[in-house]
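Reviewing the structure listed below.
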Amino acid sequence: MSLARTERAALADDLDKLGPAAPTLCQGWLSDDLLCHLLIRENDPIGALGGQIDLFDEIGARRTEKLERSTSFAERVQRFRSGPSRLSVFRIPGVDRIANGAEFFIHHEDLLRAQPGWTPRTLGHQTETHLATSLSRMGRLFTRHSPVGVRAELSDQTGALHRIWLHPGDRIVTLVGLPSEVLLYCFGRTGAARVEILGEPEAVEAFRTTELSV
């Protein structure tokens with residue numbers, strides 16, 4: 001089973017358990033806001049442009065409000081659990097697996113790590129390997145504004161290390177941690193990710209103040 005499918009099921013379970021008003025790491029979003037975002041993203045391509053392109057912000061907001069009015073929270077969780085609608089691009093074979101694995105993982109952690117007393121999940125070798133692949137593919141995009149070079153030194157449960165370059169530069173910082181934690185950091189969850197940043201103090205400070213985003 002793909003990471004997208006396992007994370008979808010686990011996130012749906014936790015949304016059911018925590019309810020619509022649980023905090024998340026996404027500024028201004030409760031758990032129901034996060035859920036609506038995921039439903040719009042994979043079922044409404046026009047609405048999904050809201051928040052990404054200013055012209056579509058109002059359209060996205062209206063479609064989100066319609067979704068909230070027309071369904072209960074429990075129905076929205078079940079709709080998410082059931083997967084994308086028949087006409088969604090995410091129903092094309094392979095698209096869900098490729099596009100949703102890291103997405104669902106990040107947003108699942110957005111929910112879990114905002115709860116009091118959270119502890120990191122033990123994800124296992126296969127999941128960490130998948131997330132390392134996602135980091136190597138997307139990390140360059142998220143660190144592209146860094147004024148210093150960025151490399152990742154990824155550890156696993158066996159203690160083995162794997163190094164990848166994310167951004168070139170003369171001064172270098174190294175992000176050390178599990179693939180899942182480094183991926184979270186590069187996705188902007190800097191306060192919640194358990195990552196060590198090594199390098200000269202000036203380079204580390206320059207990187208810490210970099211905006212990590214698409």
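Yes or no, residue by residue, for (1) basic (K, R); (2) out of contact with any Asp or Glu (no Cβ under 9 Å at 6 or more places or on another chain); (3) at pLDDT 95 or above:
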{"residue": "E7", "(1), (2), (3)": "no, no, yes"}
{"residue": "Q27", "(1), (2), (3)": "no, yes, no"}
{"residue": "A48", "(1), (2), (3)": "no, no, no"}
{"residue": "L111", "(1), (2), (3)": "no, no, yes"}
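Across segment 159-190, what is the number of residues that are free of Cβ contacts under 8 Å to residues at least 12 places away in the same chain and on the phi < 0 side of the Ramachandran plot? Count: 2.
Identify, by number, the condition in (1) closer than 17 Å to L131 by Cβ; (2) assigned to a strand (DSSP E or B) that I197 doesn't meet. The failed condition is (1). Summed over segment 162-184, the residues that are closer than 15 Å to V148 by Cβ and either open to solvent by 80 Å² or more (accessible area, probe 1.4 Å) or among the hydroxyl-bearing types (S, T, Y) (or both) give a count of 5. Scoring I106 on the criteria (1) in contact (Cβ under 8 Å) with a residue 12 or more places away in the chain; (2) open to solvent by 10 Å² or more (accessible area, probe 1.4 Å); (3) closer than 29 Å to S82 by Cα leaves a single failure, condition (2).
Matching residues to (1) in contact with a strand residue (DSSP E or B) (Cβ under 9 Å, 6 or more places away or on another chain); (2) within 15 Å of A4 (Cβ to Cβ); (3) at pLDDT below 90; (4) outside any helix (DSSP H, G or I):
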site	(1), (2), (3), (4)
P45	no, no, yes, yes
Q52	no, no, yes, yes
G60	no, no, yes, no
R76	no, no, no, no
N100	no, yes, no, no
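Scanning segment 11-40 for residues that are assigned to a helix (DSSP H, G or I) and more than 15 Å from S82 (Cβ to Cβ) returns D14, K17, L18, S31, D32, D33, L34, C36, H37, I40.
Within segment 78-94, no residue satisfies the criterion of being part of a helix (DSSP H, G or I), under 24 Å from T129 (Cβ atoms) and open to solvent by 40 Å² or more (accessible area, probe 1.4 Å). When R151, R140, R189 are checked against the criterion of being surrounded by 17 or more Cβ atoms within 10 Å (Cβ to Cβ), among the charged types (D, E, K, R) and within 30 Å of F80 (Cα to Cα), a single residue qualifies: R189.
The values are calculated or read from the model by the stated rules, or taken from the named source; none is laboratory data. All values derive from a computational prediction rather than experimental measurement. We place every Cβ from the backbone using ideal geometry, glycine too, and count neighbours over all the protein chains shown. Surface accessibility is based on the protein's heavy atoms, side chains included, excluding ligands, DNA and RNA. Shrake-Rupley method; radii C 1.70, N 1.55, O 1.52, S 1.80 Å.
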